[in-house]
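Reviewing the structure listed below.
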Amino acid sequence: MKCRVCGKTARIKLHSHHTAFCREHFLQFFYRRIERTIKKFRMFRRDELVLVAVSGGKDSLALWHALMELGYKVKGFFINLHIKPGSGESEEYVRRFAEKFGADLTVVDVKDYLGFSIPEAVKVVRKPACAVCGMVKRYIMNRHALQIGATAIATGHQLDDAAATLLGNILHWQEGHLGRFYPVLEEEDGFARKVKPLTFTGEYETLAYAHFVGIEYYPKKCRFAHGATSQVYKHILNELEMEMPGTKLWFVEGFFRTAREKFRAEEPAAPREKCVFCGYPTTRREMIDGEEKPVCSFCALKRRLQKHEGE
Ligand code: SF4
Ligand code: ZN
Ligand code: ZN
């Protein structure tokens with residue numbers, strides 16, 4: 001098997017692209033795809049500060065590394081969620097990465113913001129763990145991005161994640177979600193821009209990239225991810241990909257090109273007010289001392305946990 005570009009022995013075969021590359025030309029292919037995604041969707045410029053949300057897994061570390069290689073101004077951001085096992089080990093991997101590659105990293109503790117760990121919060125509110133955790137992470141990341149003047153928050157969601165999310169949203173005809181499903185979520189007053197530069201890069205490619213450049217990552221999944229429906233969709237998509245290489249890519253690309261516009265909301269978004277506790281923009285309201293006031297989901301959760309602890 002030969003590299004498509006230089007004809008030397010290939011080190012990696014990409015079935016979905018019907019091609020093979022040596023190490024050097026795979027890296028070139030990998031960087032070009034990310035760069036093209038960033039430019040096409042106007043994710044960020046080279047003079048903007050980008051906060052990369054890192055979990056210790058291969059995707060977010062590969063993204064962080066690639067953005068540094070491409071010369072973007074990036075800072076890594078890790079939140080210790082106190083999920084056991086995993087959070088402590090992930091933090092070690094992230095710290096080791098920063099040391100090895102001379103990367104700029106900030107580590108924070110969810111308890112310093114919320115006062116509780118994610119498992120403690122999940123036990124009290126009895127909602128799906130990922131719904132609680134996702135909201136808390138978004139809040140903390142956004143606050144930090146605004147504090148340090150980062151204009152965008154980049155996450156390591158890759159093509160396999162995108163295809164699974166899209167499939168789930170289509171199966172349930174979640175029109176609102178389909179309308180918002182996009183590699184960029186523009187900034188608004190009080191919210192940093194959210195971007196996913198790996199949207200067209202497959203999980204297999206990020207895995208190969210991590211190996212080629214020497215990234216060590218936490219290899220296990222979060223215990224709350226097991227049994228999630230997204231895993232079922234990923235499994236089905238992998239079966240399809242085996243039979244028809246390239247399926248995930250044309251599924252996701254095709255949606256953006258042909259169908260997304262049809263789901264975009266016509267009506268303006270509900271007006272946002274400032275949360276009375278933290279100033280975060282929110283559309284949520286709740287009764288406080290007999291009066292209805294704006295309270296963001298994060299502060300509502302924090303108050304509920306504090307109340308539960310006091311009972
Ligand atoms: Fe949080 Fe769910 Fe991700 Fe675990 S899998 S870190 S609970 S969002
Ligand atoms: Zn080559
Ligand atoms: Zn708030």
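Any idea which of (1) under 26 Å from PHE263 (Cα atoms); (2) of a type in the set (D, E, K, R); (3) in contact with a strand residue (DSSP E or B) (Cβ under 7 Å, 6 or more places away or on another chain) is the one ARG138 doesn't satisfy?
(3) is the only condition that ARG138 fails.
Between ILE12, ILE38, which is of a type in the set (Val, Ile, Thr), within 30 Å of GLN147 (Cβ to Cβ) and crowded, with 17+ Cβ neighbours inside 10 Å?
Just one listed residue meets the conditions, ILE38.
Restricting the search to the stretch 235-249, which residues are among the β-branched types (Val, Ile, Thr) and exposed (fewer than 15 other Cβ atoms within 10 Å of the Cβ)?
Matches in the stretch 235-249: ILE236 only.
Among the residues of the stretch 146-180, how many are open to solvent by 20 Å² or more (accessible area, probe 1.4 Å) and not β-branched (Val, Ile, Thr)?
Qualifying residue count, the stretch 146-180: 14.
How about the stretch 193-311: which strands (runs of 3 or more DSSP E) wholly inside it have at least 3 residues that are not assigned by TED's automatic domain parsing to the domain that holds GLU48?
The strands (runs of 3 or more DSSP E) meeting that bar are 285-288, 291-294.
Go through (1) more than 16 Å from ligand 3 (Cβ to nearest atom); (2) part of a loop (DSSP other than H, G, I, E, B); (3) touching a helix residue (DSSP H, G or I) at 6+ places or on another chain (Cβ under 7 Å) and name the single condition PHE116 misses.
For PHE116, the failing item is (1).
When you go through VAL195, VAL232 one by one, which is the residue that is surrounded by 15 or more Cβ atoms within 10 Å (Cβ to Cβ), farther than 21 Å from HIS17 by Cα, of a type in the set (Val, Ile, Thr) and more than 16 Å from ligand 2 (Cβ to nearest atom)?
Exactly one of VAL195, VAL232 is surrounded by 15 or more Cβ atoms within 10 Å (Cβ to Cβ), farther than 21 Å from HIS17 by Cα, of a type in the set (Val, Ile, Thr) and more than 16 Å from ligand 2 (Cβ to nearest atom), namely VAL195.
Please state which of the following conditions ILE83 fails to meet, knowing it meets all the rest: (1) under 16 Å from the mean Cα position of the chain (by Cα); (2) under 17 Å from VAL136 (Cβ atoms).
Here ILE83 meets the rest and fails (1).
The values are calculated or read from the model by the stated rules, or taken from the named source; none is laboratory data. The model shown is predicted, which means the values in this text are computed figures rather than measured ones. Positions of Cβ are generated from backbone atoms using ideal geometry, with glycine treated the same way; all protein chains shown enter the neighbour counts. Heavy atoms of the whole protein, side chains included, go into the accessibility calculation; ligands, DNA and RNA do not. Shrake-Rupley method; radii C 1.70, N 1.55, O 1.52, S 1.80 Å.
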